[in-house]
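*Asks:* Structure incoming, see below.
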Amino acid sequence: MTHAGRILGIASVLLHLAVASAAQAQSCPHQGLASFGPISAATFGYPAYYVDQNGQGLGQCLDPANPLCGLPPLPDPAAPLDIATGNFFDENLYTFVTADVPMPPNGQPGVPIGLVVYSVLGTFGGPAAAVVPGDQVTFSRIRFRVDTPAAGDYTITHPFGVHVLHAAGPGRRSINFTDDCLLSVPPTCGAASPTGFNAFTTPLAPFSFVSTWLQWDATPPAPPAGFIGDPAVLHTITGSPCGTNFFRVEGPGLPPGGVETNLWSVLGKKASICGNGFLDPGEQCDDGNTLDGDCCSSTCRFEPPGAPCASPTPCLTATACDGAGVCGGGTPTLAACNDGNACTTADTCAGGVCVGGPALNCNDGNVCTDDACNPATGCVNTPNTAPCTDGNACTTADTCAGGVCVGGPASNCNDANVCTDDSCDPATGCVNTPNTAACTDGNACTTADTCAGGVCVGGPPPFCPTNTPLAAVTADTYVQSDLPTTNFGTKTQLAVDNGVAANPGTTGVQRTFLRVNVSGVGPRQVTGAHLRLQVAKVTNAQSVSGGRLHPLTDCGWNELTMTWNTQPPIDGAVLATTGAVAQGQVVDFDVTSAIPGDGVYCFALDTLSTDSALYNSREATVGKPQVAVTAVCPCGPGPTTTTTTAPPAPTTTTTLPVAAAVGTVVADTYVQSDLPTTNFGTKPQIFVDNGVASNPGTTGVQHTFLRVSVSGVGPSHVTGAHLKLQVASVTNSGSVTGGSIHAITNCSWNELTMTWNTQPAIDGPALATLGAVAAGQIEDFDVTPAIPGDGVYCFAIDTVSTDSVIYNSREGSLAHPAVLLTVGP
């Protein structure tokens, strides 16, 4: 037999070795062994035995002629055992248990082979690694050695738990794991060496894997008398505290379920230990103690017949031993007693036995427990999940949990009335208190509606301004497919063509783009919007078709930089189509459905004809593009109409139905930290800054706030919502960033009273952040996620830059803030 090998030297006695990387995934509790026996000259300075957690003792086996002891050769077999002269075993075993996992079917020879070793042994731990008096030590060991077919993690299941060990690659002993525990003072596993040896004054290390002896089970043959097994005979075992009396290896390259064995080589000599509860050789009895007077003496011999003994029950007195270890006889009593049943009370002796009294009352008065009684432990009040009432009128569906009544979901006290404050009184339930909040009575012709008596009361009619709406084409250009990188933003004509045109030298597709700014409409409804273009008075300007006009979603292009390659997509349906056009003719395109109110709008003009049409651009000296807008007060007596100067009468156009969705900026202002009580609600500009701005005299942080009203969406879905702001044409209005826009929860502020001290919290994430902006430029903030449909929405703009940006406000005379909406089914 080959042993694990004596651990030589201090470090090797104590080190926890794992050649492969290891991680213990699961194991039984590491209790260690329970105790050890006396140390004397007769035991050569070692404990006479070790006792496991089941009370079984294993002792020294020092007979060199007995193969069951598993001893190495003596230096002088003819001389007596003597540590002083060095004639002693360098290693003696209390137990040594091993198992080999066979290779899988059809496997390559030697791959894989698994070995597990459990042992408790005595040796010498001095630096000389030799038999030296005073260097006696004992230790426990668990060891795995596995030849693996591949790299990876392998799971080893064994009697003392589960280990997951990593193999760096295939090959011989690619997993080599050892855990040694020094069984002396202090008990140590895998740590530095103590300063001395032979210090067996406490039990074994409590965290040693070995806590119970692995021994042959009841399967024949039986082990040799006085031993727990024969190491020369493989046998099934018992003793695993985990119930896993086998050795299994699972991992890469192995069959499903791994490879395993339940056959073990077992070595260990039973020790005769009086008082351990086992009937060891030479003992007549062993009652688990070394006391006299209980019929089994302190030396584990039967006490003589008639010897007095303590009665095992208060129901008998004057009991005596029967000479065979049993205490009996005696005279019955009527004493109080305990029948061993915790569910009875007032137990009383009768006829020498204890009789249980009335049943124990286990009712704890708690509806959230099921009451019962366990004869071993007494009352058991088990938490249940029954319905209950927690006494709070503001909870529903109360249910027992953990032995107490837990309130369920809160009562829904929302009466869907904005004119009541909804709350709940735990004693009485829902309370809906009338308030004076702002509300909407459903009448578009009232304003400042206010709650009173729990209902919404309409206020005065809305203000409808009389100022003239302004509409103008602020940018126009065209692009050409065969000149894909050329910009035509400064040309005096706009061209539309679908291919090879009649104009000599022009062969590409041409598309025209226009940007329109509308302001001054305010709360009024747009009833008409017309874009008018004049056909240029140049050769070949006329055409069989004046083209088709589409609205555009993307309004961020620049007329001075756009080319065919950078043009925005034409993503809108056809608004209007015109037929043949002549030189000098003014062509009218009805764009009412695309212009719901103040804002910035963009259009594209294309054609299906290869006969190009040429129009005057806004860079021309005469006949520039014009826009006419008609608006009406929804609650007033009639419309207010204005039309910009236009060329002569238009041609007839085909129009689409008017779109009902309208988005309007109804309030805007800004606040400034170094002027915390100042209101800027009537200013023609709005500011955004994060500190010392480039604008002389401005040193505070500035935030801008806007309120947007959306109507006419109804059951439709908002597919796009864009807030358009124009950078003011004033000194220092441009910035390295146009700021970040946030949706905010509080929408109750007043643009004419808000200050830095009273501003609402900016509590929403950034919806959009702009880069560098320049004076006069129209900037687009995409706020689609914040506008799902009809309603009032509020936004705040801040910045991380100290280079302020200035936008035109709705109080100014130039392009006002505007909202562009697109809706779908």
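*Asks:* Which members of region 313-323 meet the condition of being of a type in the set (A, V, I, L, M, F, W, C), at pLDDT 90 or above and not in a strand (DSSP E or B)?
*Replies:* If the condition is that a residue be of a type in the set (A, V, I, L, M, F, W, C), at pLDDT 90 or above and not in a strand (DSSP E or B), then CYS315 is the only one that fits.
*Asks:* Kindly indicate which of PHE160, PHE144, PHE139 is without any contact (Cβ under 8 Å) to a residue 60 or more places away in the chain and aromatic (Phe, Trp, Tyr).
*Replies:* PHE144
*Asks:* Here's a check for you: in region 94-123, which residue that is modelled with pLDDT of 85 or more and not aliphatic (A, V, I, L, M) is farthest from ASP217 (Cα to Cα)?
*Replies:* THR123
*Asks:* Related question: Could you please tell me which pairs satisfy a Cβ distance under 6 Å, a separation of 6+ or placement on different chains, a first residue in region 702-720 that is surrounded by 17 or more Cβ atoms within 10 Å (Cβ to Cβ), and a second residue that is polar (S, T, N, Q) and assigned to a strand (DSSP E or B)?
*Replies:* GLN702/GLN672; PHE705/THR669; SER709/THR664
*Asks:* Just to be sure I understand, how many residues within region 768-809 are out of contact with any Asp or Glu (no Cβ under 7 Å at 6 or more places or on another chain) and over 22 Å from ASN558 (Cα atoms)?
*Replies:* Number of matching residues: 18.
*Asks:* Could you tell me which numbered condition THR148 fails, if it satisfies all but one of (1) crowded, with 19+ Cβ neighbours inside 10 Å; (2) closer than 30 Å to PHE36 by Cα; (3) in contact with a Pro (Cβ under 7 Å, 6 or more places away or on another chain); (4) at pLDDT 85 or above?
*Replies:* Answer for THR148: the failing condition is (2).
*Asks:* A follow-up question, please. Given the options THR313, THR333, name the one that is polar (S, T, N, Q), in contact with a Pro (Cβ under 8 Å, 6 or more places away or on another chain) and over 30 Å from ALA410 (Cβ atoms).
*Replies:* None of the other options fit; the residue is THR333.
*Asks:* If you scan region 232-244, which residues turn out to be modelled with pLDDT under 95 and of a type outside the set (Gly, Ala, Ser)?
*Replies:* Within region 232-244, PRO241, CYS242, THR244 meet the criteria.
*Asks:* Taking the condition of being polar (S, T, N, Q) and either assigned to a strand (DSSP E or B) or under 24 Å from TYR49 (Cα atoms) (or both), how many residues in region 246-268 meet it?
*Replies:* Total meeting the criteria: 2.
*Asks:* I've got another one for you. Going by the structure shown, is VAL666 open to solvent by less than 20 Å² (accessible area, probe 1.4 Å) and modelled with pLDDT under 95?
*Replies:* no
*Asks:* Shifting gears a bit: Can you give me the number of residues within region 718-748 that are in a loop (DSSP other than H, G, I, E, B) and among the small types (Gly, Ala, Ser)?
*Replies:* Total meeting the criteria: 6.
*Asks:* Turning to a different aspect of this structure: Kindly establish whether GLY764 is in a loop (DSSP other than H, G, I, E, B), surrounded by 15 or more Cβ atoms within 10 Å (Cβ to Cβ) and within 40 Å of the chain's Cα centre (by Cα).
*Replies:* Answer is yes for this residue.
*Asks:* How many of the residues making up region 213-256 are within 50 Å of the chain's Cα centre (by Cα) and acidic (Asp, Glu)?
*Replies:* The total comes to 2.
*Asks:* Specify the residue that is surrounded by the fewest Cβ atoms within 10 Å (Cβ to Cβ); the eligible residues are those in region 611-624 that are out of contact with any Ser or Thr (no Cβ under 7 Å at 6 or more places or on another chain) and assigned to a loop (DSSP other than H, G, I, E, B).
*Replies:* Only one residue fits best here, namely THR621.
*Asks:* So ASP441 clears everything in (1) farther than 30 Å from PRO684 by Cα; (2) modelled with pLDDT of 85 or more; (3) touching an Asp or Glu at 6+ places or on another chain (Cβ under 7 Å) except one condition, right? Which one?
*Replies:* If we test ASP441 against (1) farther than 30 Å from PRO684 by Cα; (2) modelled with pLDDT of 85 or more; (3) touching an Asp or Glu at 6+ places or on another chain (Cβ under 7 Å), just (2) comes out false.
*Asks:* I'm trying to understand the selection: among the residues of region 349-370, which are part of a strand (DSSP E or B) and surrounded by 15 or more Cβ atoms within 10 Å (Cβ to Cβ)?
*Replies:* Scanning region 349-370 gives CYS349, CYS354, THR369.
*Asks:* Name every residue in region 45-65 that is in a loop (DSSP other than H, G, I, E, B) and either at pLDDT below 90 or within 23 Å of THR212 (Cβ to Cβ) (or both), in order of residue number.
*Replies:* Passing the criteria: GLY45, TYR46, ALA48, ASP52, GLN53, ASN54, GLY55, GLN56, GLN60, CYS61.
*Asks:* Something else: Count, please, the residues in region 262-274 that happen to be out of contact with any helix residue (DSSP H, G or I) (no Cβ under 9 Å at 6 or more places or on another chain) and open to solvent by 20 Å² or more (accessible area, probe 1.4 Å).
*Replies:* Counting residues in region 262-274 that are out of contact with any helix residue (DSSP H, G or I) (no Cβ under 9 Å at 6 or more places or on another chain) and open to solvent by 20 Å² or more (accessible area, probe 1.4 Å) gives 5.
*Asks:* I want to confirm something. Restricting to region 69-104 and keeping residues that are assigned to a strand (DSSP E or B) and among the charged types (D, E, K, R), which single residue is surrounded by the most Cβ atoms within 10 Å (Cβ to Cβ)?
*Replies:* Applying the filter and picking the extreme gives ASP100.
The values are calculated or read from the model by the stated rules, or taken from the named source; none is laboratory data. In this text, all values refer to a predicted model and were calculated from it rather than measured experimentally. No Cβ is skipped: glycine too gets one built from the backbone with ideal geometry, and neighbour counts run over all protein chains shown. Surface areas here come from the heavy atoms of the whole protein model, side chains and all, with no ligands, DNA or RNA. Shrake-Rupley method; radii C 1.70, N 1.55, O 1.52, S 1.80 Å.
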